[in-house]
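Asks: Just dropping this structure here.
The values are calculated or read from the model by the stated rules, or taken from the named source; none is laboratory data. A quick note: this is a predicted structure, and the numbers were derived from the prediction, not measured. Note that each Cβ is placed from the backbone with ideal geometry, even for glycine, and that neighbours are counted across all protein chains shown.
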Amino acid sequence: MPFVREPAVAGYFYTADAAILEREVDTMIDSAEPPKIEGRLCGLISPHAGYLYSGPTAAHGYKLLRNTSYDAVIVIGPSHREYFDGITMFPGDSYRTPLGDVPVNNDLRSMLAESNKKIMVTTKGHRLEHSIEVQLPFLQRILGAFTFVPMIMGDQRRANCEVLAEAIANVCRNKNVLLIASSDLSHYHSYDVARQLDDRVIADIRAFDPDGLMTKLEHEEVEACGGGPIVAALKALALLGCEKTEILSHCNSGDVTSQYDAVVGYLSAAILQSN
């Protein structure tokens with residue numbers, strides 16, 4: 001009997017109706033106008049709120065995946081509901097969305113688990129977490145059939161980011177793997193304060209400076225609920241030869257709702273290796 005991780009936020013963060021979901025995701029991707037990128041696309045930073053709020057921003061990154069293919073995808077998300085030290089990978093066979101099941105890449109999962117004891121195979125962090133799940137319908141519509149490794153960071157401290165980055169770089173060397181960091185930015189500040197906080201995160205991403213971003217996160221000078229996944233992804237891809245980023249789109253919930261007193265920030269960015 002396959003062990004499937006059932007959707008946790010279908011009907012809440014996005015529609016549970018498969019036909020409507022296909023149309024909505026396709027429309028967001030078709031409407032996105034990301035800047036032209038130069039180089040090989042190795043990773044994305046993508047938001048994970050409800051599609052009404054962050055879906056159009058996320059679509060800017062996923063549109064760049066048209067006519068591409070990868071051996072596998074790794075999605076790193078933060079844990080919103082459970083605390084644990086380290087990084088976990090779902091032990092089952094697949095993640096399910098209304099669009100079907102996405103198989104877990106068992107070979108990559110095994111190699112990552114063997115690389116460091118901080119990287120564990122367990123359901124902890126995966127059961128009700130949305131940060132990975134909301135990325136999958138975009139990937140399903142744009143890549144079609146693919147395998148992936150879902151990774152949740154329970155503690156996003158610097159040491160865990162470095163462990164994860166080194167593990168991914170070692171396992172993915174000489175493989176064509178897409179790495180996705182799932183993260184929103186600042187939470188529940190006024191519109192102007194949020195823009196100031198988010199601009200500082202964006203500046204470090206644009207500068208390809210994961211250590212500078214990590215220091216600001218540690219000192220609580222900026223906010224990103226998936227700051228650890230962003231830092232780990234940048235560090236891993238730097239070890240694999242990537243050296244630049246492209247900011248594709250950013251906004252906050254106030255731009256969607258016209259309510260500006262307590263907003264959440266969203267960012268889509270590409271991580272690239274020069275040709």
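Asks: Got a sec? Which of ALA233, ALA167 is of a type outside the set (Val, Ile, Thr) and either surrounded by fewer than 24 Cβ atoms within 10 Å (Cβ to Cβ) or in contact with a Phe, Trp or Tyr (Cβ under 7 Å, 6 or more places away or on another chain) (or both)?
Replies: Among ALA233, ALA167, only ALA167 is of a type outside the set (Val, Ile, Thr) and either surrounded by fewer than 24 Cβ atoms within 10 Å (Cβ to Cβ) or in contact with a Phe, Trp or Tyr (Cβ under 7 Å, 6 or more places away or on another chain) (or both).
Asks: A further question follows. Just checking, which of GLU223, GLU246 is surrounded by fewer than 24 Cβ atoms within 10 Å (Cβ to Cβ), touching a strand residue (DSSP E or B) at 6+ places or on another chain (Cβ under 7 Å) and free of Cβ contacts under 8 Å to residues at least 60 places away in the same chain?
Replies: GLU223
Asks: Looking at the range 145-155 only, could you name the residues that are more than 14 Å from the chain's Cα centre (by Cα) and either crowded, with 22+ Cβ neighbours inside 10 Å or without any contact (Cβ under 8 Å) to a residue 24 or more places away in the chain (or both)?
Replies: ALA145
Asks: Follow-up. Between a residue in the range 1-22 that is touching a residue at least 40 places away in the same chain (Cβ under 8 Å) and more than 20 Å from PRO150 (Cβ to Cβ) and any residue that is acidic (Asp, Glu) and crowded, with 16+ Cβ neighbours inside 10 Å, which pairs come within a Cβ distance under 7 Å, given they are 6 or more apart or on different chains?
Replies: THR15/GLU24
Asks: Only one of these is more than 14 Å from VAL134 (Cβ to Cβ) and either at pLDDT below 95 or not basic (Lys, Arg) (or both): LEU44, LEU64, LEU52. Name it.
Replies: The conditions single out LEU64.
Asks: Report yes if VAL171 is of a type outside the set (D, E, K, R), at pLDDT 95 or above and assigned to a helix (DSSP H, G or I), otherwise no.
Replies: So VAL171 fits the description; yes.
A quick yes/no check of all residues on (1) modelled with pLDDT of 95 or more; (2) outside any loop (DSSP other than H, G, I, E, B); (3) under 20 Å from ILE152 (Cβ atoms); (4) in contact with a Pro (Cβ under 8 Å, 6 or more places away or on another chain):
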{"position": "ASP192", "(1), (2), (3), (4)": "yes, yes, no, no"}
{"position": "ARG195", "(1), (2), (3), (4)": "yes, yes, no, no"}
{"position": "ARG200", "(1), (2), (3), (4)": "yes, yes, no, no"}
{"position": "GLU220", "(1), (2), (3), (4)": "yes, no, no, no"}
{"position": "LEU234", "(1), (2), (3), (4)": "yes, yes, yes, yes"}
{"position": "CYS242", "(1), (2), (3), (4)": "yes, no, no, no"}
{"position": "GLN259", "(1), (2), (3), (4)": "yes, no, no, no"}
